[in-house]
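What follows is one structure encoded as structure tokens, with my remarks underneath.
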Amino acid sequence: MNIPERFKPSRSVLMIDQWMTRFIRFGGMSLIIAVFGICFFILSQVIPLFGGAEITLLHQFKLDSHFKPLTLILDEWGELPLFVNENGEVRSISQKDGRTTLLINLVSDLKGNLTALRYEPEQNNLLVGTDALEIAVYRIDYERFQDGDQMQGNPSFHKIQSYSIEKLLRENLFKSLKGKTFITDLAYVESGSRKIIASTIKSEEGYHSYLIKLKEASSLLGGGEVTFDGLDELKGKAGENIQKVYVNNLADAVVGLDATGTFFYYWLDSDGIKLKQSFVPFDEEKPIFADFLLGGNSFYIIGGEGSNLIYSLNLDKNGEERLFQKTKQFNHLVPTSSYAFAKSLRNKAFLVAAEKEISLRYATTENIRWEGESLVPIQHVALSRKYEHLAYLDSANQFSLYKLNDPHPEGGWRTFFGKIWYEGASNPEYAWQSTGGTDDFEPKLSLIPLIFGTLKGTLYAMLFSFPIAFIAALYTSEFLHPRLKKIVKPTMEVMASLPSVILGFIGAFWLAPLLSDRVPSLILILIFLPLVAVFLGIIWAQLPNQLRRILPKGMEFFISIPVLLLAIFLAWKLGPLFELIVFTVIDPTTGQVIADFGTWWSQITGLPFEQRNSLIVGIAMGFAVIPIIFTISEDSLAQVPLSLRSASLACGASRWQTAIRVVVPTAAAGVFSATMVGLGRAVGETMIVLMATGNTPIMEWNIFSGMRTLSANLAVELPEAPFHGTLYRVLFLGGLILFLMTFIVNTIAELLRQYIRERYKTL
Amino acid sequence: MDQEHSKSSIVEIKNFSFFYGESQTLYDINLSIQEKCVTALIGPSGCGKSTLIRSINRMNDLVEEARHQGEILFQGDNIYHPNMEVISLRKRIGMVFQKYNPFPKSIYENVIFGLRVAGIRDSKILEETVEKSLKGAALWDEVKDRLHESAFSLSGGQMQRLCIARAIANEPEVILMDEPCSALDPIATAKVEDLLHELSKKYTIVIVTHNMQQAGRVSNYTAFLFMGKLIEFGSTSDLFTTPREKKTEEYITGRFG
Ligand SMILES: Nc1ncnc2c1ncn2[C@@H]1O[C@H](COP(=O)(O)OP(=O)(O)OP(=O)(O)O)[C@@H](O)[C@H]1O
Ligand SMILES: [Mg+2]
């Protein structure tokens, strides 16, 4: 076809057009890629939290078949595994060739043969007992030195305690034990100046368990002389003999086990020893193994049929006493008569082996971190102090050492989104407390309280801001004089650009103290304002037209504002009187009747009253959100075609009816998206919540308590979170959830908006 | 002749001038509109027809800085008197606009909008009104099965008749129509014109139109406006056959405008 020249577009127009098309396409694609990239990055930071543990084999050696190891010990660096032979020899296993070296014989200077051995990793003590009723406690210390290009640890053994139980019994006038006697079990704990040795002796009559208390004279130079401070025999409730004794690392809880499978919990303080509780963990099984986990709060028990569970020292239902309660239940183990066990000293993980199966478990979450199987039954397991190595020794005397890689053992769905029964708590709960004072602290990483806090903050902010912003927008677009409209809108836009740190500051340091004892005034204002406004409207409508004409249309507020201000002022001043009449309570401390809203609230609802509370957040954050909702709503209300307003008025509708029945429904989509944009702002708002609340991650809707939001949590904790640590990744997870929340809100908002727009579209 | 008409005149426009801010749009209009007749307003674009018709039910109140002089009497009362209730005035003087403007609601809700805002809730009354009004607007047969569908599902001509139904649902005394057919095709226009005949038996109708044939067909009286001044007013047959003014003749014969 031949197109005349004058109809042809010029070449440059075509080129620019083509080029711009490409440029825009490129820009759009890069934006999508960037968003996906960010999501990808966050995901890559979060995913490791949900992974299990990984192990890699380092060495595997066969030990001499005449060795009969009783226990396996790993040092801090996983370099020099030790085992204790049945004759009391401590031997190291060389990592070069698996050759063993004798380091010390623990019973060489004790009388009798070794009959009891215990390794206590917390204080790195080795305990030995003999059939001559002598005991000794050795402390293992490591000395680091450079060996070629490698660091080597050289263990040394110090005998820190040694006693003859036989002599002590005799001196303390205990009746002598009959027949052949030997020590079957031992425990030793130091906590401050308190030191305790527990020892069980078997005689012809059965088992006897004794608690030896030692006292250390305090001296300025640290450890002073240790002296004997008493000996007690442990007995069950009805005088049962105790077969095994466990002492926690605080040396305040002692647990004994009798022949029937009942555990007895004794509490130790300066006055002596008290039996507090007895409990039977299994209906049918016999407890085979038990030990305290890191921290001395959780007591892990395995039964003969493979059941394994944890009893923890928690406040009882009345919140009075700390007693053992069953808190955790793990997957069954293979039933056997002896289990191998090792606990982590970094966290609440422990390694347990039954027959050929070995599994690494995490107490807090009841998760299995890793599971493996060996060819022959496993006899002993060990974990390095830093939770970086694991080792086991099987019945064929084969020793295997693995590198353990488990950076986030406390992770998992339940940790972040489920209820967990933490140590010391009286119930399973959603809790956030990322750091604690001690090494054995159990981090509580549930994101639920933070999500809750985010929703709570958003809800209160929206409750405050939406009505104000919406009514203001409606008034401005429908009733306000156009000349004033030109002033109001830019003013609101300036308000929108107010830095939120200033709002937070005002909220925290001016509003919070101001409102803390003026809640009754606030309630009065909430009652007065609508009443006065309605009343004013009624009076205005009654006035003769001549009088009403004095004020031009859209200027009515010139009289309403002073009246409303007066109402606010009156309400503010009447507040204390109102409080005096309505909010009176009996002060629990003095017994006098006082008028105080805070106390009244706590007594009536049982909920706390805090100065920096959700009300303050609602108001401060509301101020950040109002301008957003206002401007967008006002725009969409003003965009409703004049023809619809005319049609409505021509049907005899009043201006108010026109506004409510025609303008608002028609602009509903716009008002809705305005609200959603405001909601998005409130969900992500950080500074205001950070400053205007106490940032306590609680889960209650109480308007007079604070909250911690996901975003504030990020701001609070990120500086303390070690790079690539669990907390660091959990914070990213929080960020991801925040992102998802806004994404979901926006998606729902967009779908609803389109639906509404379709319904109320105009021609 | 004035004397004779005033007996049945329902709207009386007296020395009415209108200003948008500083610029005057209407100059000293005197016009009386007869009850149950169709009065057509004709004139070239921008001569003030819409301004005049909108003054009759005070729709011009919406315009900022608009002023007027003189008065408009509706059944003897000055509609600009301070004590005049605008809301009831607009119920009594309904309006149909140039561009059909149904509300984004169902057909049903559109028709009863006036009743709803008047606070009538009795569903029997509402249903009767819907049927009566839609029948009155010759739309009933076309929409009776889809009353609860969106008004936007109708064609343009149907929507305009819906707007007429909405106006007559209030049972007004006067219906003002500002170029009601300008957005419609000839067939739809014909339907609306037929409707006007029917409606004029019950209602007083004031209609603005650019279509001379239409004015001739539907109206009993015609007023010719030019540059904001009423040039000629009389019965349609007189005005179209023997115009008194030269301007009128020039306009209706299509020499300008
Ligand atoms: N809201 C307004 N503000 C200011 N001037 C206006 C306004 N509406 C109309 N005018 C002016 O008043 C004059 C009359 O307008 P009007 O709409 O009454 O004319 P019309 O006869 O209806 O014209 P048309 O046949 O084109 O509809 C025009 O000059 C117009 O510019
Ligand atoms: Mg017009």
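Please pull out the direction-averaged projected area of the stretch B:203-255, using the convex hull of its alpha-carbon atoms, in nm² to one decimal place. It would help to have the intermediate numbers written out before the result.
On the way: hull surface 14.6 nm².
Over every viewing direction, the Cα hull of the stretch B:203-255 projects on average to 3.6 nm².
State which entries of B:K14/B:K91; B:K36/B:K246; B:K91/B:K202; B:K49/B:K105 exceed 20 angstrom in Cα-Cα distance in the structure shown. Intermediate results must be reported in sequence, preceding the final value.
Working: B:K14/B:K91 22 Å; B:K36/B:K246 29 Å; B:K91/B:K202 16 Å; B:K49/B:K105 30 Å.
From B:K14/B:K91; B:K36/B:K246; B:K91/B:K202; B:K49/B:K105, over 20 Å: B:K14/B:K91; B:K36/B:K246; B:K49/B:K105.
Over 25 Å between C-alpha atoms is what I'm after, so list which of A:K553/A:K573; A:K489/A:K573; A:K356/A:K403; A:K111/A:K235 land there. Don't skip to the answer; put the middle values down first.
Numbers: A:K553/A:K573 33 Å; A:K489/A:K573 32 Å; A:K356/A:K403 20 Å; A:K111/A:K235 28 Å.
Table pairs above 25 Å Cα-Cα are A:K553/A:K573; A:K489/A:K573; A:K111/A:K235.
Provide the FRET efficiency to the nearest 0.05 for the B:A66-A:S10 pair, computing r from the beta carbons and using R0 = 35 Å.
Details: r = 49 Å, r/R0 = 1.39.
Taking R0 as 35 Å, the efficiency between B:A66 and A:S10 is 0.10.
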Handout entry: Estimated distance in nm for a label pair at A:I38 and B:E85, the labels positioned 7 Å out from Cα along Cα-to-Cβ
Key = 5.8
Problem - Rh by Kirkwood over Cα pairs, then Stokes-Einstein D for the stretch B:81-123 at 1.306 mPa s and 10 °C, µm²/s - result: 130
Problem - Using distinct alpha-carbon pairs, which all enter the 1/r mean, Kirkwood radius of the stretch A:386-473 in Å - result: 17.3
Completion exercise
Per principal axis, largest first, the Cα atoms of the stretch A:668-763 extend in Å by 58, 34, 20
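How high is the FRET efficiency from A:V563 to B:E142, r the C-beta distance, R0 51 Å, rounded to 0.05? Walk me through the numbers on the way to the answer.
Working: r = 53 Å, r/R0 = 1.04.
Plugging the Cβ-Cβ distance into 1/(1 + (r/R0)^6) gives 0.45.
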Practice task
Give the span of the stretch A:387-432's Cα atoms along each principal axis, as three whole-Å numbers ordered largest to smallest.
Solution key: 45, 21, 15
Completion exercise
Label model pair A:A715, A:L574: point-to-point distance (7 angstrom along the Cα→beta-carbon line) in nm is 3.8
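Just the number, please: Stokes-Einstein D of the stretch A:1-57 in µm²/s, Kirkwood Rh from C-alpha pairs, 37 °C, 0.692 mPa s. Provide the component values of the computation, followed by the final result.
Details: Rh = 16.2 Å.
The calculation lands on 202 µm²/s.
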Practice task
Work out how far the C-alpha atoms of the stretch A:1-97 reach from end to end along every principal axis, then list the three figures in whole Å, largest first.
Solution key: 110, 24, 20
Completion exercise
Here, chain B modelled as identical Cα point scatterers in vacuum has Debye log10 I(q)/I(0) at q = 0.08 Å⁻¹ of -0.31
Practice task
Please work out the C-alpha center-to-center distance from the stretch A:103-163 to the stretch A:643-682 and express it in whole Å.
Solution key: 83
Completion exercise
Against the 2.2 N^0.38 Å rule of thumb, the C-alpha Rg of the stretch A:136-274 sits at a ratio of 1.24
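Using alpha carbon coordinates only, what is the Rg to Rh ratio of the stretch A:198-308, with Rh defined as the Kirkwood radius?
Values: Rg = 15.5 Å, Rh = 15.2 Å.
Across the stretch A:198-308, the Cα-based Rg/Rh ratio is 1.02.
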Completion exercise
D (µm²/s, integer) via Stokes-Einstein for the stretch A:459-612, Kirkwood Rh across alpha-carbon pairs, 20 °C, 1.002 mPa s: value 114
Fill in the blank from the handout: One checks the Cα atoms of the stretch B:31-151 and finds Rg and Dmax, in Å, of 17.1, 49
Fill in the blank from the handout: Largest first and rounded to whole Å, the semi-axes √(5λ) derived from the alpha carbon gyration tensor of the stretch A:340-494 read 60, 14, 13
Exercise for the section: Figure the gain on full extension for A:E171 and A:K356 (residue separation times 0.36 nm, minus the Cα-Cα span) and round it to one decimal in nm. Expected result: 61.9 nm
Exercise for the section: Rounded to the nearest 0.05, what FRET efficiency do A:D97 and A:S338 give with R0 = 41 Å and r taken as the Cβ-Cβ distance? Could you check? Expected result: 0.85
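About the Cα centre, and with charges only on the beta carbon of Lys, Arg (+1) and Asp, Glu (-1), how big is the dipole of the protein assembly as shown? Nearest 20 debye, please. Kindly include the intermediate steps, with their values, before the conclusion.
Numbers: 98 positive and 107 negative charges, 707 e Å.
Rounded to the nearest 20 debye, it is 3400 debye.
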Handout entry: the stretch A:320-355-the stretch B:181-257 distance, computed between alpha-carbon centres (Å)
Key = 99
Practice task
Take each uninterrupted DSSP H stretch in chain A, measure its Cα extent along the helix axis, and return the ones at 18 Å or beyond whose mean Kyte-Doolittle hydropathy is at least 0.5.
Solution key: A:11-46, A:448-478, A:519-542, A:557-582, A:614-638, A:668-684, A:726-759
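Tell me the net charge near B:T189. Cut-off is 13 Å between Cβ atoms, B:T189 excluded, with +1 for each Lys or Arg and -1 for each Asp or Glu. Let's see the in-between values first.
On the way: positive: B:R161, B:K191, B:R217; negative: B:E179, B:D185, B:E193, B:D194.
Around B:T189, the surrounding residues sum to -1.
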Exercise for the section: Check the straight Cα-Cα distances from A:K8 and name the aspartates and glutamates below 16 Å, setting aside those fewer than 8 residues away within the same chain. Expected result: A:D17
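Eigenvalues of the Cα gyration tensor times 5, then square-rooted: what semi-axes does that give for the protein assembly as shown, in whole angstrom, largest first? Mind showing how you got there, number by number?
On the way: eigenvalues 1735, 222, 112 Å².
Equivalent-ellipsoid dimensions as semi-axes: 93, 33, 24 Å.
Do me a favour and compute the ellipsoid semi-axes for the stretch A:447-525 from its Cα gyration tensor, root of five times each eigenvalue, largest one first, whole Å.
Numbers: eigenvalues 159, 59, 47 Å².
Equivalent ellipsoid of the stretch A:447-525: 28, 17, 15 Å, largest first.
Return the ratio Rg/(2.2 N^0.38 Å) for the stretch A:314-430, where Rg is computed over Cα atoms only.
Numbers: Rg = 16.1 Å, N = 117, 2.2 N^0.38 = 13.4 Å.
That works out to 1.20 for the stretch A:314-430.
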Exercise for the section: Give me the Kirkwood hydrodynamic radius of the stretch A:486-571, using the inverse of the mean 1/r over all pairs of distinct Cα atoms, in Å to one decimal. Expected result: 15.9
Exercise for the section: Taking every pair of alpha-carbon atoms in the stretch B:136-257, give the share separated by more than 25 Å as a whole percent. Expected result: 32
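Taking the Cα centre of the stretch B:24-151 as origin, work out the dipole magnitude from +1 charges on Lys and Arg Cβ and -1 charges on Asp and Glu Cβ, in debye rounded to 20.
On the way: 17 positive and 17 negative charges, 18 e Å.
Once rounded to the nearest 20, the dipole reads 80 debye.
Report the rotationally averaged projected area of the stretch A:425-492 based on its alpha-carbon convex hull, in square nanometres. Provide the component values of the computation, followed by the final result.
Details: hull surface 31.0 nm².
Orientation-averaged projected area of the Cα hull: 7.8 nm².
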Practice task
Please give every one of the aspartates and glutamates within straight-line cross-link reach of B:K135, meaning a C-alpha to C-alpha distance under 17 Å, and leave out same-chain neighbours fewer than 8 residues apart.
Solution key: B:E109, B:E127, B:D145, B:E171, B:E193, B:D194, B:E198
Problem - Rel. contact order, % - alpha carbon contacts under 8 angstrom, at least six apart, chain A - result: 10
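Do the alpha carbons of any pairs in A:K68/A:K386; A:K159/A:K213; A:K202/A:K343 sit beyond 20 Å of each other, and which pairs? Walk me through the intermediate numbers first.
Values: A:K68/A:K386 27 Å; A:K159/A:K213 18 Å; A:K202/A:K343 27 Å.
Going by Cα-Cα distance, A:K68/A:K386; A:K202/A:K343 fall outside the 20 Å limit.
A short reminder: the numbers here are calculations on the coordinates, not readings from a lab. Keep in mind it's a predicted model, so treat the numbers as computed, not measured. No Cβ is skipped: glycine too gets one built from the backbone with ideal geometry, and neighbour counts run over all protein chains shown.
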